[in-house]
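Everything on this sheet refers to the single structure shown next.
Every number in this text was worked out from the coordinates using simple rules, so none of it is lab data. What you see is a predicted model; the values in this text were computed from it and never measured. Counting neighbours? That spans all protein chains shown, and the Cβs are built from the backbone with ideal geometry, glycine included.
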Number of protein chains: 2
Amino acid sequence: MGLKEKKQKHREEFRREIIEAAKSLFNSEGYDKFSMRGLARKIGYTPATIYLYFRDKDDLLYVISEELFAQLIQSMDRCVKDAPGPLEALRQSLISYVEFGVSHPAHYRAAFFTNPNVYGSPEEFLEKESLSRHAYCQGRQLAAECIAAGKLRQMDVDVIAQILWTGVHGMVDALLKGLGK
Amino acid sequence: MGLKEKKQKHREEFRREIIEAAKSLFNSEGYDKFSMRGLARKIGYTPATIYLYFRDKDDLLYVISEELFAQLIQSMDRCVKDAPGPLEALRQSLISYVEFGVSHPAHYRAAFFTNPNVYGSPEEFLEKESLSRHAYCQGRQLAAECIAAGKLRQMDVDVIAQILWTGVHGMVDALLKGLGK
DNA sequence: CCATAATGCTTAACACTGTTTATTTTAATG
DNA sequence: CATTAAAATAAACAGTGTTAAGCATTATGG
């Protein structure tokens, strides 16, 4: 009987409503001002209701972050498609990472600057198959292709990938802090 | 009469006691678990007492951070003294920055990864004459000397300084997250 | 059609947080 | 010793994330 499916749909629509409200609140109020109670107020429900749709605050933030990383991956894919070669693809991907970071400050902060992290401990991050991790691996893949094509000096792929990520991440952080003057 | 001075000394000794307890609690419990109430419990006083010695939580964290930056500056000075030339001095200073960061994770997080920041808004950071800022300027000075000595390509000092800081900061962040495998 | 079961939501509480005000205790001074 | 100044506190305010218990409303099986 299709009633149960309709129930399920209703449930997921409400989930979406919460996520969208959370995203909006998150962007307007910033990470530290964001609260479950405030979100509940915004959607016109009791705080406890949110917990029927999300395990806890971290779960909600995780879902939001993952959706943003999906966007980043899309953007990186576009870079790869449009680029004439692997080096340019890598270059543009790194640029799109920085753009991604600076255009979603609160989310970027939540994903990378806070503790306890929404992506759990470093070990959990490495084990769990998140979109965040997927984006990183995609960057590493690009670097590998550059090495294979002789466009980048021969070296450990993980080393170069981490150097590159360290660079763009530091860049984003500096820009978010307004240290780029 | 020297009694008032002795009062003052007592006051400062108590301040130190709070700072030391806070530092210890900070390192053992981490940034997010640190609380004024927990600190008060630790030193055997009421939370309100701390507010007779520090304006608020941010003030206390600021003082702690500044003391750590004083250490960093000392370490950088040693690098400059021991190095044979400006380039090596810069190199060693950058290394000591990373070492500084990874050996004081909770403090580093508080100083750089949280919002609201203990160093206030980016504008306030640039205006206020903090030791944090002093350390940065010292690094820039080293870079300038390298350029002057022809050891570094001629370019805008602020640009190279920010590139370097971005690099080591990203490095520390990656290491703190355990992404260095 | 109605009793039963399940669902969705809320109320109320727990255990915290930072911070302030008024009050009491403690210590120093005239 | 009484008075005054300083230090510490109790109690409250306003907020946080989270959960267990209760109350409706809705769907289902007899």
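See the values below:
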read-out	value
Violating pairs (Cα-Cα greater than 27 angstrom) within the set A:LYS23/A:LYS177; A:LYS42/A:LYS177; A:LYS42/B:LYS42	A:LYS42/A:LYS177; A:LYS42/B:LYS42
Whole-number D in µm²/s for the stretch B:26-96 (Stokes-Einstein; Kirkwood sum over Cα pairs; 25 °C, 0.890 mPa s)	168 µm²/s
Dipole magnitude (debye, nearest 20) for the stretch B:56-181, charges at Cβ of Lys, Arg, Asp, Glu	600 debye
Debye equation applied to the C-alpha atoms of the protein assembly as shown, log10 I(q)/I(0) at 0.11 Å⁻¹	-0.91
Label-point gap, in nm, between B:LYS81 and B:ALA148 - each point 7 angstrom along Cα→Cβ	2.1 nm
Neighbouring partner chain Cβ atoms per residue of A:12-19, average, 10 Å criterion	0
Cβ-vector label at 7 Å, A:HIS134, separations to other copies in nm	4.9
Closest approach to the A/B rotation axis among chain A Cβ atoms, residue and whole-Å value	A:GLY170, 1
Sorted by Cβ neighbour density within 10 Å, fewest at the top, the residues A:ARG109, A:ARG140, B:ARG16	B:ARG16, A:ARG140, A:ARG109
Residues A:MET155, A:MET171, B:MET36, sorted so that the one with the fewest Cβ neighbours within 10 Å comes first	A:MET155, B:MET36, A:MET171
Estimated inter-spin distance, B:HIS134 and A:ASP56, nm [label 7 Å along Cα→Cβ]	4.1 nm
Neighbourhood net charge (13 Å Cβ-Cβ; Lys/Arg +1, Asp/Glu -1) for B:CYS146	+2
Separation of the A:THR49 and B:GLU124 label points, Cα + 7 Å toward Cβ, nm	3.6 nm
Calculated log₁₀ intensity ratio I(q)/I(0) where the Debye formula runs over C-alpha points of the stretch B:132-178, q = 0.22, 0.25, 0.29 Å⁻¹	-0.75, -0.87, -1.01
For B:GLU88, net neighbour charge (Lys/Arg +1, Asp/Glu -1) across residues whose Cβ lies under 11 Å away	+1
Proxy reagent accessibility, fewest Cβ within 10 Å first, across A:HIS169, A:HIS10, A:HIS134	A:HIS10, A:HIS134, A:HIS169
The stretch A:1-160: relative contact order as a whole-number percent, Cα under 8 Å and 6+ apart	21 percent
Whole-number D in µm²/s for the stretch A:1-54 (Stokes-Einstein; Kirkwood sum over Cα pairs; 20 °C, 1.002 mPa s)	180 µm²/s
Convex hull volume of the stretch B:83-148 per residue (C-alpha atoms, cubic angstrom)	90 Å³
Point-charge dipole on Cβ atoms (K/R +1, D/E -1) for the stretch B:42-93, about Cα centre, debye to 20	120 debye
Potential extension, B:GLU13-B:GLU29 segment - 0.36 nm per residue separation minus Cα distance	3.4 nm
Computed Kirkwood radius, in angstrom, where 1/r is averaged over Cα pairs of chain A	18.1 Å
For the stretch A:90-130 versus the stretch A:42-85, the gap between their alpha-carbon centres in whole angstrom	11 Å
